[in-house]
Amino acid sequence: MYVVLIPLLLVVFIALLIWGKIERQWISLAIAFILILLGAVSIDEIFTYVDWDVLGLILGVSILTVYLEKSGFAEVIARHMVRLSKGSTYLLIFLISLVAGLISILMENVSVVVLLFPIVYNICRSLGTDPIIPTIMLALSANIAGSATMIGDPPAILTAGAFKLTFTDFIIYRGKPSMFFFTLISMILAITVTSIISSRKINIKPSIPNNKNGISLSIDKPFLVEAIVFLTIKIILLSLRHALHIPFSLTAAVAVGGITIARIIHRDTNSVVYAFKHGFEWKLLLFLIGVFVLSSAFEKHGIAYIFAEELVWIFKDNLMALVSSLLYLMVILSSVIDNVPLTMTMIPVVKKISELLLLNPVVIMWSVLIGITLGGNLTYMGASANVTAIRLLEKQGHNVSFTDFIKISIVYNTVSVVSAWILYIIFYIIL
């Protein structure tokens, strides 16, 4: 019974997410409630299935992201980088995209888009150019770099929790380059190629006005320094987590607690209230709790094992074909499915495949994570950062159709996916 029921609920879950008429946290909790009512999981099991430590890290990252936003972290970097364009259309698009990608390595993708969009829009307005292409490039780059580190995006955090990975494992894993290099190199290649093509479609004035690109900033320097210091402390603690035997959530608590105390000392209670009000992502936490329950039911009743067995049987001893198929399957699915449930669905499948083939599960998971992270860029509904960018443009009176988005994203997506796939195959399959 459950072998049929749980996949059916997964399909319903995905369909409702794509439909988009109901907030995703209520869909997730409803599915979890149905699983409990039908006896697929018990209430006691839920407390075991949900990774509370990972949820604590995600909550901490959300609050820290708001502190970074308030400190002017993104604006300072964006202003100086964009000024380097000196009136070049190509450099303008390239630098906007690069800044978005680099910042999203350390911050949540949607936050990066929300932070940088006003800057990008003001720059385009002051230069008399259409903001659509630069904004789409901003979103694509913010999305692609999310899994470069384990704190940039929920799929990376979930992967780290499931396979007990450290911050440095996302940079170098057992002596080989991992997600940081796969995403960063593919992002730069995608930005380069897409910027060359896109720059021919927009016009720009020959020089940048002497008004700081239309951006007026008043930066609280002590606040900016505090944000950077505690962000650095958080990264160091995540890197040494195994050696220090500390949970994910403690690293987040230290960083958030430190900057909160510093702001209170400076009598800046407004920033503290703002950070906790806007950073407490209770909707995301509820959504993830439901996803944990569904994913665990998927594993508990052997459905992950059945799927894994089928994949192993199809590809037998051809590891390259197996991981390549997983990567490109994730690219297709993540273009229409939210990346969080997709990641949680695939984690138990990857574990079973590794058991059957006696392989390191992390090696297989890298291919899945590459596909999930990069594949979401194909359509604007495949990633929250893309949806946010389109909505922000619409608020300013710029309507972007599905085909308008695809014209830019298909080049970006193709270059990034293929280059990341080649790098992964070289370092983890051939070498």
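When Rg is the radius of gyration of the Cα atoms in the chain and Rh is its Kirkwood radius, what does Rg/Rh come to?
0.97
Among 385-398, 412-425, 240-253, what's the highest-first ranking by average C-beta atoms within 10 angstrom per residue? If you can, show how the numbers build up before the last one.
Numbers: 385-398: 18.1, 412-425: 21.4, 240-253: 16.5.
Highest-to-lowest ranking by the protection proxy: 412-425, 385-398, 240-253.
Order the peptides 172-183, 52-63, 311-322 from the highest to the lowest mean number of other Cβ atoms within 10 Å of their residues. Don't jump to the answer; show the numbers that get you there.
Working: 172-183: 19.1, 52-63: 21.2, 311-322: 13.4.
Ranking, from highest mean packing down: 52-63, 172-183, 311-322.
So which of Lys176/Lys351; Lys70/Lys277; Lys21/Lys70 end up more than 23 Å apart by C-alpha?
Flagged as over cut-off: Lys21/Lys70.
Relative to the first principal axis of the alpha-carbon coordinates of the chain, what is the inclination of helix 2-19, with its axis defined by its Cα atoms, in degrees from 0 to 90 and to the nearest 10?
So the inclination is approximately 20 degrees.
Against the longest alpha carbon principal axis of the chain, how many degrees, from 0 to 90 and to the nearest 10, is the axis of helix 179-198 turned?
So the helix axis and the longest Cα principal axis differ by about 50 degrees.
Using per-residue counts of other Cβ atoms within 10 Å, averaged over each peptide, order 8-15, 291-298, 36-43, 257-264 from highest down.
The most tightly packed comes first, giving 291-298, 257-264, 8-15, 36-43.
Summing -39500 (n - 2.57) over the DSSP H runs of n ≥ 4 in the chain and dividing by its residue number, what mean residue ellipticity at 222 nm do you reach, to the nearest 500 deg cm²/dmol? Present the calculation step by step, with values, prior to reporting the outcome.
Numbers: 21 runs with 318 residues, N = 431.
Result for the chain, helices only: -24000 deg cm²/dmol.
Taking amide hydrogens as modeled 1.01 Å from N in the peptide plane, which residues meet the under 5 Å criterion relative to Tyr173, leaving out close sequence neighbours?
Here Ser178 satisfy the definition.
Extending each Cα 7 Å along its Cβ direction at Met320 and Ile261, get the distance between those two points in nm, one decimal.
5.5 nm
Which aspartates and glutamates, on any chain, are close to Lys395 with Cα under 12 Å apart, when same-chain ones fewer than 8 places away are left out?
Partners within reach: none.
Going by Cα centres, segment 55-116 and segment 314-379 are how many Å apart?
28 Å
Give me the angle, in degrees from 0 to 90, between the Cα long axis of helix 319-334 and the longest principal axis of the Cα atoms of the chain, rounded to the nearest 10.
Rounded to the nearest ten degrees, it is 60.
Taking the Cα centre as origin and putting +1 on Lys and Arg beta-carbons and -1 on Asp and Glu beta-carbons, what dipole magnitude results for the chain, to the nearest 20 debye?
1280 debye
Just so you know, all these numbers are worked out from the coordinates, no wet-lab data involved. As the structure is a computational prediction, the values presented were derived from the model and not from experiment. Quick reminder, even Gly has a Cβ in these numbers, built from the backbone with ideal geometry, and neighbours come from all protein chains shown.
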